Amino acid sequence: MKNELLLEIFSEEIPARFQRRAVNNAKELFEKVLREYGVDFDNVSAYVSVRRIAIRVENMLSKTHSINERKRGPRVSAPENAVIGFLNSNNKFMEDLIEKDGYLYLQITIPGSDVREILSDIIEEFLEAFPWPKSMRWYIGKTNELSCFWVRPIRSILCIYDGFPIRKFIKSVGLEMGDTTRGHRFIANNEEFSVTCFDDYVAKLEKAYVMLDYQKKVSYIDFELAKRVAEMGLCIQNDEELLHEVAGLVEYPFIHIGQIEEKFMNLPKEVLSTTMKVHQKYFTLIYPNNVAAPFYGTVTNVSPTEAMREGLDRVLRARLSDAAFFFKEDTDISLDAFSQRLSDVVFHEKLGSVSQKIGRILSVSETKEENRAISICKADLVTQMVGEFPELQGIMGGIYALNQEETQEVAEAIAEHYRPNGANDRLPANVVGARISFFDKLDTLVGFIGFDVYPTGSKDPYALRRAAFSIVRLICDSEFDVLCGEKLSYFAKTLNEAYSDQGIQLHPDVVNNVLGFICDRFTKYVEDKLKVSAQLVEAVINSYDSCDFDYKEAIEKVKSFNELSKHDGFSIVQSAYKRAIGVADVLIPDDFIKDIQSISFNNNYMNNAKSAILKFNSSCGIGEIVDVSKLIIEACDNVTMLDRDQSVMFSNLLLLKKFVSVVKQHTGIC
């Protein structure tokens with residue numbers, strides 16, 4: 001393709017967990033760098049595989065356009081010779097100087113250039129700026145220097161523009177660019193071959209057993225594995241995380257179905273699947289009724305030989321033998337006995353042990369089932385199985401609870417009390433589990449915020465934002481009322497008192513700080529859920545006296561306010577509200593709002609407004625609040641609100657106060 005750029009950064013193996021994000025990062029960063037250099041192009045595509053990042057730029061013009069930029073010089077107060085030097089170095093004169101913020105600037109025009117001449121600079125900047133989560137440097141023999149930071153050592157760079165290779169030295173990695181790359185490390189013997197364009201590149205990689213497109217590889221594995229499994233009358237246990245991980249481990253995927261020894265099939269399905277996933281990256285296969293089948297699916301980087309198949313089975317056998325041993329050892333000990341060991345497990349050095357955390361959560365418990373579930377909900381933390389697989393905490397507690405003849409409700413509550421563990425995780429399926437999850441997360445927030453520990457920027461080591469967001473979801477999305485009619489502040493206060501009873505003194509304003517922190521997450525939650533602006537949500541929140549309000553009611557107010565804000569008569573409501581609140585709020589206290597039903601007025605303006613308010617308060621229609629507002633404006637224009645007769649004035653102000661109260665209650669305007 002004419003004016004096509006093909007760039008490949010070939011390195012040692014890129015960790016699988018970095019590859020998905022690298023696709024978008026590569027595309028966005030390369031587009032940004034091209035624009036900075038004045039390069040015109042139609043489209044940038046990025047591809048990431050196990051050992052390479054490839055970038056294709058379509059219709060990248062050979063001549064860059066000129067760039068106008070403002071160049072900063074010395075301070076205004078700098079010596080004259082410094083200013084003259086700045087001017088001379090840029091071939092400018094005194095009259096070209098611009099003063100701003102205490103500095104001297106020049107407007108510089110950088111003329112266009114041949115893109116072939118600046119490609120090495122573009123690639124250098126791309127390499128230097130790439131945002132890997134973790135990166136490294138390596139020694140460059142040619143220059144006796146360390147390289148730039150990259151995820152793994154770079155071994156070659158392929159660069160072809162308009163069908164011809166660009167052979168320029170990239171100093172930051174000590175390599176000269178060329179037109180060659182390599183195929184599969186094992187199947188194609190890692191042999192080099194040259195390419196001429198992107199289509200040629202993809203075709204030759206496919207022949208050399210390298211599937212370049214990450215998403216295509218994911219889809220291929222998903223389809224082929226599902227097809228093989230369906231032929232056996234089985235299904236794959238859905239695991240998107242594992243699917244993407246194995247796609248990032250292989251240059252070309254080969255599907256293999258192995259068998260699990262029957263003696264391991266009495267292990268809980270969760271133990272089987274976690275053992276296979278964590279240690280071996282195997283997929284769990286299930287029957288249509290969701291019962292684990294004695295088979296597994298895996299993806300290999302080469303076509304498996306008989307010896308490989310035996311090796312895959314043998315390694316799994318060893319892992320499952322360990323899991324079976326842990327399971328047997330754990331089931332010989334009661335959950336109550338495990339719970340007694342929690343006093344030796346530190347929750348946090350400032351917040352005491354896990355046993356103390358359990359004691360605090362019990363202080364807000366209300367039922368026998370809650371008390372029992374809370375008392376043993378963390379017991380599995382000291383089991384051998386959870387020690388080996390932390391992913392199973394809670395889940396193993398639920399399994400062991402059933403084995404020890406706890407009720408189904410208690411076992412389910414233990415298994416699910418960590419949920420939701422993220423924005424997309426499902427909520428607990430029973431009320432006890434939902435309540436314990438709520439108590440557990442709120443206790444964490446009260447403790448850390450009570451010691452002024454808050455997330456900073458992108459860092460949130462104790463996952464406090466996630467805990468607060470989960471609390472919002474438990475209150476707003478759960479089919480159960482986790483608050484049981486109480487306010488959020490009641491539980492925060494009770495937990496604060498429980499900390500104090502344990503000799504842990506928190507910040508005196510901890511309750512308000514916790515409510516404010518959760519309220520911030522509520523704002524984001526509603527913003528995303530209803531697709532409304534943060535300002536609109538904040539306006540509704542500000543209509544309350546504090547952060548201790550009914551979240552579900554607030555969501556309905558946001559919906560009403562959002563609908564009203566799009567109405568043609570919204571400005572009329574705003575105008576009437578401002579006029580009413582300007583008079584009534586000054587002279588009538590918030591807690592002094594009487595029923596206006598019994599008040600009669602000696603003029604039609606006030607009587608009409610009164611009837612409209614009462615009608616709106618029962619129906620809450622958007623069009624009706626506009627009509628009420630029109631009547632309020634008409635009354636304010638034609639009635640002396642501050643009448644000399646004290647009783648008349650008081651009645652007038654009560655009506656305006658009622659209007660303000662109704663608008664706040666049903667629309668969120670504040």
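A short reminder: the numbers here are calculations on the coordinates, not readings from a lab. Since we're looking at a predicted model, the values are computed, not measured. Reconstructed Cβ throughout: ideal geometry from the backbone, glycine too, with neighbour counts over all protein chains shown.
Which value in Å is the Kirkwood Rh of the range 214-331 over different Cα pairs?
14.6 Å is the Kirkwood radius here.
Measure up Lys578/Lys630; Lys630/Lys664; Lys350/Lys493; Lys134/Lys441; Lys217/Lys277; Lys350/Lys459 against 24 Å on the Cα-Cα distance and list the ones that go over.
With Cα atoms farther than 24 Å apart: Lys134/Lys441.
Regarding the chain, what is the average projected area of its C-alpha convex hull, in nm²?
44.6
DSSP loop (so not H, G, I, E, B), at most 13 other Cβ within 10 Å: list which GluC sites (Glu not before Pro) in the range 98-195 pass both filters.
Glu191
Going by Cα centres, the range 331-365 and the range 5-48 are how many Å apart?
One Cα centre to the other: 49 Å.
Given the convex hull over the Cα atoms of the range 328-458, what projected area results after averaging over all orientations, in nm²?
Taking a quarter of the hull surface, the average projection is 8.5 nm².
Of Val76, Gln107, Phe93, whose Cα points farthest to the positive end of the dipole of the range 70-110 (charges on the beta-carbon: +1 Lys, Arg; -1 Asp, Glu; origin at the Cα centre)?
Sorting the options by dipole projection puts first Gln107.
Under the Karplus relation 6.51 cos²θ - 1.76 cosθ + 1.60, θ = phi - 60°, what is the ordered set of whole-Hz ³J(HN,Hα) values for the range 653-659, x standing for Gly and Pro?
Residue by residue, the range 653-659 yields 5, 4, 5, 5, 5, 5, 4 Hz.
Taking H as built 1.01 Å from N, whose amide H comes closer than 5 Å to the amide H of Ser49, not counting residues under 5 places away?
For Ser49, the qualifying residues are Ala54.
Place a point 7 Å from the Cα of Phe325 along the Cα-to-Cβ direction; which residues of the range 377-393 have their backbone N under 17 Å from it?
From the range 377-393, the list is 383-389.
Considering amide H positions built from the backbone, and no H for Pro or chain starts, which residues 5 or more places from Ile599, or on another chain, come under 5 Å of its amide H?
Excluding prolines and chain starts, which carry no amide H, there are no hits.
If you average over every viewing direction, what projected area does the convex hull of the Cα atoms of the range 1-112 give, in nm²?
Averaged projected hull area, Cα only: 10.3 nm².
Sorted from largest down, what three extents in whole angstroms do the Cα atoms of the range 375-442 have along their principal axes?
29, 26, 19
Return the Cα extents of the range 146-234 along principal axes one, two and three, sorted largest first, each rounded to a whole Å.
Answer, in whole Å and largest first: 56, 31, 23 Å.
Which semi-axes, in whole Å and largest first, does the equivalent ellipsoid of the range 372-554 have when worked out from the alpha carbon gyration tensor as the square roots of 5 times its eigenvalues?
Semi-axis lengths for the range 372-554 are 29, 19, 16 Å.
Restricting attention to the range 218-324, which GluC sites (Glu not before Pro) occupy a DSSP loop and are surrounded by at most 10 other Cβ atoms within 10 Å?
Passing sites in the range 218-324 are Glu231.
Assign one of three labels to the range 511-570, namely rounded, prolate or oblate, based on the Cα gyration tensor with a ≥ b ≥ c the square roots of its eigenvalues; rounded applies when a/c is under 1.5, prolate when it is not and a/b is larger than b/c, and oblate otherwise.
prolate
Quick one: Asp114, Asp322, fewest Cβ neighbours within 10 Å first, how do they rank?
Asp114, Asp322
Would you mind computing the Rg to Rh ratio of the range 471-585 from its alpha-carbon coordinates, Kirkwood style for Rh?
Rounded to two decimals, Rg/Rh equals 1.07.
Would you work out the charge dipole size for the chain about its Cα centre, treating the Cβ of every Lys and Arg as +1 and the Cβ of every Asp and Glu as -1, and quote it to the nearest 20 debye?
920
Can you give the translational diffusion coefficient of the range 129-193 in µm²/s, computed by Stokes-Einstein from the Kirkwood radius over Cα pairs at 25 °C and 0.890 mPa s?
Taking Rh from Cα pairs, D becomes 183 µm²/s.
Looking at the P(r) of the range 70-110, how many percent of alpha-carbon pairs lie beyond 15 Å?
Roughly 28 percent, once rounded to a whole number.
Can you compute 3J(HN,Hα) from phi for each residue in the range 158-164, using the Karplus curve 6.51 cos²θ - 1.76 cosθ + 1.60 with θ = phi - 60°, rounded to whole Hz and x for Gly and Pro?
9, 9, 10, 10, 6, x, 10
Each residue of the range 500-506 in order: what ³J(HN,Hα) in whole Hz does its phi give by Karplus 6.51 cos²θ - 1.76 cosθ + 1.60, θ = phi - 60°, with x for Gly and Pro?
Calculated HN-Hα couplings, in order: 4, 4, 8, x, 9, 8, 9 Hz.
Using only the Cα atoms of the range 72-178, what semi-axes does the equivalent ellipsoid have when each is the square root of 5 times a gyration tensor eigenvalue? Give whole Å, largest first.
One finds semi-axes of 38, 19, 13 Å for the range 72-178.
Under a cut-off of 27 Å between alpha-carbon atoms, report the lysines in cross-link reach of Lys63, not counting same-chain residues fewer than 8 places apart.
Partners found: Lys2, Lys27, Lys32, Lys71, Lys92, Lys168, Lys171.
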